[in-house]
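Asks: Okay, here's the structure, questions in a sec.
The values are calculated or read from the model by the stated rules, or taken from the named source; none is laboratory data. Note that the structure is a prediction, hence the values are computed from the model and not measured. All Cβ positions, glycine included, derive from the backbone under ideal geometry; neighbour counts span all protein chains shown. Note: accessible area is taken over every heavy atom of the protein model, side chains too, but ligands, DNA and RNA are not part of it. Shrake-Rupley method; radii C 1.70, N 1.55, O 1.52, S 1.80 Å.
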Amino acid sequence: MADLVLHNGKITTLDPQNPEVSAIAVRNGVVLDTGDDQEIMRLANNKTKLIDLDGKRVIPGLNDSHTHLIRGGLNFNMELRWENVPSLSDALQMLKQQADRTPAPQWVRVVGGWSEFQFAERRMPTLDEINKAAPDTPVFILHLYSHALLNRAALKAAGIDRNAPNPPGGVIERDSKGEPTGMLIAKPSAMILYSTLSKGPKLPLQDQINSTRHFMREMNRLGITSVIDAGGGGQNYPDDYEVVQKLHDDDQLTVRIAYNLFAQKAGSELNDYERWVEMTEPGAGDDMLRMNGGGENLTWSAADFENFLEPRPDLAPTMEKELEPIVELLAEREWPFRIHATYDESIDRFLTLFERVNGKMPFKTRFIIDHAETISDRNIERIKALGGGIATQHRMAFQGEYFVDRYGADAAKSTPPIAKMLEMDLPVGAGTDATRVASYDPWTALYWLATGKTIGGLSLYSRENILDRATALRLWTQGSAWFSGEDDVKGSLKPGQYADLAVLSQDYFSVSDEAIRRIVSELTVVGGEIVYAAGPFGKFDPPLPPASPDWSPVNSEPTPGMRQSGMGAKAQTRQQSMRACNDGCASACALHGHHHQIAWNSPIPTQNPRDFWGVLGCSCFAI
């Protein structure tokens, strides 16, 4: 008999034999059966938990095939998130309020997940505005992997003064007197951003545990039940996995995690992997926490950071010499591996090396190309021939305007060419690359896949590279499961697979395009256990301690998942009103916009040339 039965719903199973049903029965953490209410209710007895779905849409739990949950969890309670904030004025007010409540020596961190094009003002904050909002508390604002904005207090705390040299691969912007302005530019590497952020205070262990629990609850709030963690800079194994391991041991994980091991220090990457292959192996762990292989960084010389504000970086000429022995070691030990690759030029060099290694030592397991925004058809074919797959993310939803500005609208029409990958029968997974560039919000990613639009509203793709909603969902479930070798146990709701599912606040298959971004889960189940519940199911919500420390933004501001469910009314109306002129004027610039509505409601911005010309038309011709 069933432990749990959900009935009277619209359940998308992604099982071709039984694609949509009204009821599902769960036993011992897996799907027992699916069907209509009458047949499934026969599997219930007086010990079965029964939940009436009241006609709501149910989907398999979402699975992010490339994110950074473990590192993100250690920092979640310290970060002020700007996802779905409709205006820059709102964002700056949030910044001021958080600065006022943050005690010394802590910093206020806004670390990714936002775009200037989401704001009604269609612009970045200025350093003067940031210093005015937070004159005394250090502030670090990360904008993609292109640059960071630091106020004067943060420059002092990070030890960046007129005598500080530019680090390798990065630029400290200076004024005419040689003083740092507060702008740090990734040119061409993001190392300057990583290293400066790492200078901020960390949370104590107990707060890191609490922070990770709150981050997982946020994932559950958005319908995520699994992730593949791609490691990250400053995420060394095994030391920085202590928190997630303790949560696993204490049975407090609410998201299934498969994690990759990311080489940490330039020059000693091979040493990392030689040590790690003796410590662990792919599949080590269990169905809640397991090791998944090497990458996404295999060697620093192979990193082609996706800063579309700068020209495409050429990989170091030493890349092949440094990467080949690592790939040989992983192939010999039968480790799956993944590698960060934005540009086709980089992918071409990687594949030549992989083909050479495969000729000597055939790959016996999967490998993954991550990102692949500009990959060619030829290189898709080469990946397929080697038995690899591509993990795609919605980074273009946050950077599409910059790509168009640099390479043109035609070049952006298939970035990445997901429809072509699927046509060629290549394994494709979907994800976010959260938390430092794009948002961890899967519904923004599904919106991007199904509409081809950035979060600023720019249409990037031709019709043939826009997916239907069912295909987009399949990439976020069955597609992603391949990348951890678990496609036989997760990704659909059919008998024998994990009972991981989300009951949605709105029907993904029938709401308007814009409403996709406002969907959240109202009931999330992992392995047959309810890990999150809200709205009509709120009585089932498991308890969670308040976010710690008590000054955490999580205690004062709605998280993106909370904010998302409230986007539909006041905030969206305000944003649409402020942007009405930009969107409606025939003379509007599709990239930068212009700001008549702002000018009508505030003094003419004579001190800022871009905004001054922007109120009259587009500022492109003047700046």
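Asks: Hey, could you check the stretch 550-565 for residues that are of a type in the set (S, T, N, Q) and open to solvent by 60 Å² or more (accessible area, probe 1.4 Å) and say which is farthest from Pro442 (Cα to Cα)? Please lay out each step first, then the result.
Replies: Filtering the stretch 550-565 down to residues of a type in the set (S, T, N, Q) leaves 552, 555-556, 559, 564-565.
With open to solvent by 60 Å² or more (accessible area, probe 1.4 Å) added as a condition, the list becomes 555, 565.
On the way: Asn555: 23, Ser565: 13 Å.
Ranking the qualifying residues of the stretch 550-565, first place goes to Asn555.
Asks: Look at the stretch 503-549 and say how many of its residues are crowded, with 21+ Cβ neighbours inside 10 Å, β-branched (Val, Ile, Thr) and part of a strand (DSSP E or B).
Replies: So the count comes out to 5.
Asks: Now for a separate question. Scan the stretch 149-160 and report the pairs whose first residue is on the phi < 0 side of the Ramachandran plot and open to solvent by less than 10 Å² (accessible area, probe 1.4 Å) and whose second residue is among the aromatic types (Phe, Trp, Tyr) and in a loop (DSSP other than H, G, I, E, B), with Cβ atoms within less than 8 Å and a gap of 6+ or a chain change.
Replies: As it stands, the answer is Ala154/Trp107, since those pairs meet every condition given.
Asks: Scan the stretch 5-21 for residues that are more than 14 Å from Ala502 (Cα to Cα) and either of a type in the set (S, T, N, Q) or touching a Gly at 6+ places or on another chain (Cβ under 9 Å) (or both) and jot them down.
Replies: Once the filter is applied, which keeps residues that are more than 14 Å from Ala502 (Cα to Cα) and either of a type in the set (S, T, N, Q) or touching a Gly at 6+ places or on another chain (Cβ under 9 Å) (or both), the stretch 5-21 yields Asn8, Gln17, Asn18, Val21.
Asks: Condition check: touching a residue at least 24 places away in the same chain (Cβ under 8 Å), more than 24 Å from Asn292 (Cα to Cα), β-branched (Val, Ile, Thr) and in contact with a Gly (Cβ under 8 Å, 6 or more places away or on another chain). Does Thr524 satisfy that? Before you say what the answer is, go through the steps one by one.
Replies: Working: touching a residue at least 24 places away in the same chain (Cβ under 8 Å): yes; more than 24 Å from Asn292 (Cα to Cα): yes; β-branched (Val, Ile, Thr): yes; in contact with a Gly (Cβ under 8 Å, 6 or more places away or on another chain): yes.
Answer is yes for this residue.
Asks: Which number in (1) in contact with a strand residue (DSSP E or B) (Cβ under 8 Å, 6 or more places away or on another chain); (2) surrounded by 23 or more Cβ atoms within 10 Å (Cβ to Cβ) marks the one condition that Leu127 misses?
Replies: (2)
Asks: Scan the stretch 181-203 and give yes if some residue there is open to solvent by 60 Å² or more (accessible area, probe 1.4 Å) and part of a helix (DSSP H, G or I), otherwise no. Spell out how you get there, then give the answer.
Replies: At the first step, the residues of the stretch 181-203 found to be open to solvent by 60 Å² or more (accessible area, probe 1.4 Å) are 187-188, 191, 198-199, 202.
Now narrow it down to the ones that are part of a helix (DSSP H, G or I): 191.
Yes, the conditions are met somewhere in the stretch 181-203.
Asks: Of the conditions (1) more than 17 Å from Ser89 (Cβ to Cβ); (2) at pLDDT below 90, Met578 clears all except one; give me its number.
Replies: Every condition holds for Met578 apart from (1).
Asks: Would you check if Arg122 is touching a Phe, Trp or Tyr at 6+ places or on another chain (Cβ under 9 Å) and either crowded, with 22+ Cβ neighbours inside 10 Å or of a type outside the set (S, T, N, Q) (or both)?
Replies: no
Asks: Anything in the stretch 204-232 that is of a type in the set (Asp, Glu) and surrounded by 24 or more Cβ atoms within 10 Å (Cβ to Cβ)? List them, or say none.
Replies: Filtering the stretch 204-232 for residues of a type in the set (Asp, Glu) gives 207, 218, 229.
Result: Asp229, single match.
Asks: Provide a single number: the residues in the stretch 244-286 that are modelled with pLDDT under 95 and either crowded, with 21+ Cβ neighbours inside 10 Å or basic (Lys, Arg) (or both).
Replies: Number of matching residues: 1.
Asks: Here are some residues: Asp54, Asp64. Which one is in contact with a Pro (Cβ under 7 Å, 6 or more places away or on another chain), within 19 Å of Leu222 (Cβ to Cβ) and not aliphatic (A, V, I, L, M)? It would help to see each step written out before you state the result.
Replies: Details: Asp54 fails: within 19 Å of Leu222 (Cβ to Cβ).
Just one listed residue meets the conditions, Asp64.
Asks: What are the residues in the stretch 486-524 that are touching a Lys or Arg at 6+ places or on another chain (Cβ under 7 Å) and small (Gly, Ala, Ser), if any?
Replies: Ser521
Asks: In this structure, does Gly293 turn out to be modelled with pLDDT of 95 or more, within 25 Å of the chain's Cα centre (by Cα) and surrounded by 19 or more Cβ atoms within 10 Å (Cβ to Cβ)?
Replies: Values: modelled with pLDDT of 95 or more: yes; within 25 Å of the chain's Cα centre (by Cα): yes; surrounded by 19 or more Cβ atoms within 10 Å (Cβ to Cβ): yes.
Yes: the conditions hold for Gly293.
Asks: In this structure, does Glu334 turn out to be at pLDDT 95 or above, part of a loop (DSSP other than H, G, I, E, B) and under 17 Å from Tyr145 (Cβ atoms)? Spell out the reasoning first.
Replies: Details: at pLDDT 95 or above: yes; part of a loop (DSSP other than H, G, I, E, B): yes; under 17 Å from Tyr145 (Cβ atoms): no.
In short, no.
Asks: I've got another one for you. In this structure, does Phe483 turn out to be over 23 Å from the mean Cα position of the chain (by Cα), touching a residue at least 40 places away in the same chain (Cβ under 8 Å) and crowded, with 18+ Cβ neighbours inside 10 Å? So that I can check it myself, show each step before the final result.
Replies: Numbers: over 23 Å from the mean Cα position of the chain (by Cα): no; touching a residue at least 40 places away in the same chain (Cβ under 8 Å): yes; crowded, with 18+ Cβ neighbours inside 10 Å: yes.
No; evaluated as a whole, the condition is false for this residue.
Conditions tested, residue by residue: (1) open to solvent by 40 Å² or more (accessible area, probe 1.4 Å); (2) more than 22 Å from Glu274 (Cα to Cα); (3) among the basic types (Lys, Arg); (4) in a helix (DSSP H, G or I).
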residue: Asn297; (1), (2), (3), (4): no, no, no, no
residue: Glu310; (1), (2), (3), (4): no, yes, no, no
residue: Pro313; (1), (2), (3), (4): no, yes, no, no
residue: Pro325; (1), (2), (3), (4): yes, no, no, yes
residue: Asp348; (1), (2), (3), (4): yes, yes, no, yes
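Asks: Could you grab me the full set of residues in the stretch 348-368 that are among the hydrophobic types (A, V, I, L, M, F, W, C) and within 23 Å of Tyr259 (Cα to Cα)? Talk me through it step by step, then tell me what you get.
Replies: Keep residues of the stretch 348-368 that are among the hydrophobic types (A, V, I, L, M, F, W, C), which gives 350-351, 353-354, 357, 361, 363, 367-368.
Passing the criteria: Phe350, Phe354, Phe363, Phe367, Ile368.
Asks: Looking at (1) without any contact (Cβ under 8 Å) to a residue 40 or more places away in the chain; (2) under 23 Å from the mean Cα position of the chain (by Cα); (3) over 27 Å from Ala316 (Cβ atoms), can you tell me which one Ser195 breaks?
Replies: Here Ser195 clears every test but (3).
Asks: Please list, ordered by first then second residue, the pairs with beta carbon atoms under 6 Å, 6 or more apart or interchain, first in the stretch 489-502 and part of a loop (DSSP other than H, G, I, E, B), second open to solvent by less than 40 Å² (accessible area, probe 1.4 Å) and acidic (Asp, Glu).
Replies: Short answer, once both residue conditions are applied: Ser492/Asp15; Lys494/Asp15.
Asks: Next up: Taking the stretch 275-290 only, how many residues are in a loop (DSSP other than H, G, I, E, B) and either over 21 Å from the mean Cα position of the chain (by Cα) or small (Gly, Ala, Ser) (or both)? Can you show your working first?
Replies: Residues of the stretch 275-290 that are in a loop (DSSP other than H, G, I, E, B), as a first pass: 280-284, 286-288.
Next, from what is left, pick out any that are either over 21 Å from the mean Cα position of the chain (by Cα) or small (Gly, Ala, Ser) (or both): 280-284, 286-287.
So the answer is 7.
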